[in-house]
Amino acid sequence: MSSPKKTSKSPGRSKARGRSTSASRKVTRSRSRSSGRKPKAEPQPEVETTIEVTKSTKRIPRPSGKSPSRVSKRETTVTTRIVTSNVSAEQEQASVTPVRTSSRISSILEKEREESARLRDQLRSEMLSNLKTPPPLEKPQPTKSTRESPHYEFMGPVGTFFLIFLLPFTVYYINWTCRKGRCSILEIPKLPRNIIGEFFEVESMLVFLAWFFFQVVLALLPVGSVYEGQPLKSGGRLKYRCNGFFALIVSLLTLAAAIYFKCPVTKIVDKFYKLMTSAVVFSISLSVCLYISSRFVNPKKLAPGGNTGNVIYDFFIGRELNPRVGSLDLKFFCELRPGLIGWVIMDWIMVYKAYEENGTLPANQLLVTVFQTIYVADALWFESAILTTMDIIHDGFGFMLAFGDLAWVPFLYSLQPRFLYESKLVLPWYCLAPIALLNLVGYTIFRLSNSQKDRFRRDPKDPLFSGMEVIPTQAGKKLLVSGWWGLCRKPNYLGDLIMALSWSLTTGFGQILTYFYPIYFLVLLIHRERRDFEQCQKKYGSSWNKYCEKVPYRIFPYIY
């Protein structure tokens, strides 16, 4: 860079000064040589300072990315070079005017020393700041490969596609195979010539719809307590009117009145397969409507597992978590009302039909009907407990729950009473007594474990739990390690399975299909326990792992 020219004070003197420049320089240089003076000796410390700053700059490790310190280093180096050039220019000008040389050079050197010291301090502070706080890295944008893939159950879209067809086929196959007192799994049932006439009619569909909306009316009546559900992802809590036990009593009284007034209620048994088809068609239609309506709701109202983007999987699992029509929660309503109460009503109609035909009450059939009535009555009496289950909290309302609640439960769970009605099988009292005792043991485990769990959830500080071991969790809740829940992780499942076995024992040991319910229920509860295990592990983390170490058995103590 060229040195800046000195500006003259008046334009008229510029030419004269320009002509005398070369001569004066020669005189000055000759004088300096003859007298032994060294006019450039004084600027030397500044040049050394400049070189020192430049070298220290080179010793600084270069960061991987561009940073403000790198720019400052360049500016420092350029500035020091400008300082050196300015000093050289001033030295040349000083040789022209020797009178003001020493004072001007001293002041310039003093200023440049201060500037150099300032630059050194600035450079030093920038180095320290870069070492303490490295430049922030740019956060990488998520790509298709880094996005979290959806978590599938039931073997994903392929598995759910087959289940959509397999579940209705199972309902038809088992009920059509197990009829007229025979339940051979190896026997291929012969289809009737008129399939449509055998399995469907408009009258049966109207009967099913009348039953469904009769239960809707009972559910909307201002009877029973109102409970709040769990906190929602969208904020707030939903309210549920729990009057299921009231609906059960009204339904049983209505059946008794119909029998008293000689209404042809036994036609329900004659139209069993047609009513079954009506339930299948209605549940599939309801599932389609639920899926379509879920496309227009707020994404916050969707179920966590039913919003994968795959149409088949989401249709099966259910997209919307709590679909409602006014104050009627469809999932909560279908979970316990039409299917469970319809199951009990169908059982008692079969008992009444058997009494009409035989003149006596068959002990086997009556016993299993009482077992199942107590089971359903218990579920409806403690209806509010379902608000904390996986079906309500996690699963959406889709084909899986709609078909299961409306078609699978009433028409497969009533298999034992229907077989006993058609086969006329009677077991002696010494066989029925142990079966009744087994059912009582199962129900006791089921009810006491569920009651202990519900009471602990409502109030962990209850004096009842003062001497019991608990594990605190990061979620703010506590895990009960004593009592029934120290025996195994799912004692209520254990009681449920014992009851299911006792129901099938009333049919004897000659037919394997009558044991379909406990076999299926075992697979279902093991799968449900696995799903619940994954959810609790995500929710409670290390606290859940500690609980599993203390309670190693899942359902069956000392076995599994």
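Read the figures in this text as sums done on the coordinates, not as results from a lab. Being a predicted model, the structure only gives us computed values, none of them experimental. For neighbour counting, all protein chains shown are included, and Cβ atoms are generated from backbone atoms with ideal geometry for every residue, glycine included.
For segment 277-411, rounded, prolate or oblate, judged on the Cα gyration tensor with a ≥ b ≥ c (square roots of eigenvalues), a/c < 1.5 rounded, else prolate if a/b > b/c? Note, shape of segment 277-411 comes out prolate. Close amide H pairs (under 5 Å, H built 1.01 Å from N) link Glu320 with Ala303, Phe397, residues at least 5 positions away or on another chain.
The chymotrypsin sites (Phe, Trp or Tyr not before Pro) of segment 490-548 that DSSP puts in a loop, and whose beta carbon has at most 12 other beta carbons within 10 Å, are Phe509.
Once you order the gyration tensor axes a ≥ b ≥ c over the Cα atoms, which shape class does segment 155-426 get: rounded for a/c under 1.5, otherwise prolate or oblate by comparing a/b with b/c? Here segment 155-426 falls in the oblate category.
Is segment 318-386 rounded, prolate or oblate when judged by the Cα gyration tensor, a ≥ b ≥ c being the square roots of its eigenvalues, rounded requiring a/c under 1.5 and prolate requiring a/b larger than b/c? Note, shape of segment 318-386 comes out prolate. Restricting segment 188-268 to trypsin sites (Lys or Arg not before Pro) that sit in a DSSP loop and have at most 14 other Cβ atoms within 10 Å of their own Cβ leaves Lys190, Arg193, Lys233, Arg237, Lys262. Other residues whose C-beta falls under 13 angstrom from the C-beta of Gly197 contribute a net charge of 0, scoring Lys and Arg +1 and Asp and Glu -1. The residues packed around Gly181, meaning those with a beta-carbon under 15 Å from its beta-carbon, carry a net charge of +3 if Lys and Arg are +1 and Asp and Glu are -1.
How about segment 236-288: which chymotrypsin sites (Phe, Trp or Tyr not before Pro) there are in a DSSP loop, with at most 13 other Cβ atoms within 10 Å of their Cβ? Within segment 236-288, the qualifying chymotrypsin sites (Phe, Trp or Tyr not before Pro) (loop, at most 13 other Cβ atoms within 10 Å) are Phe261.
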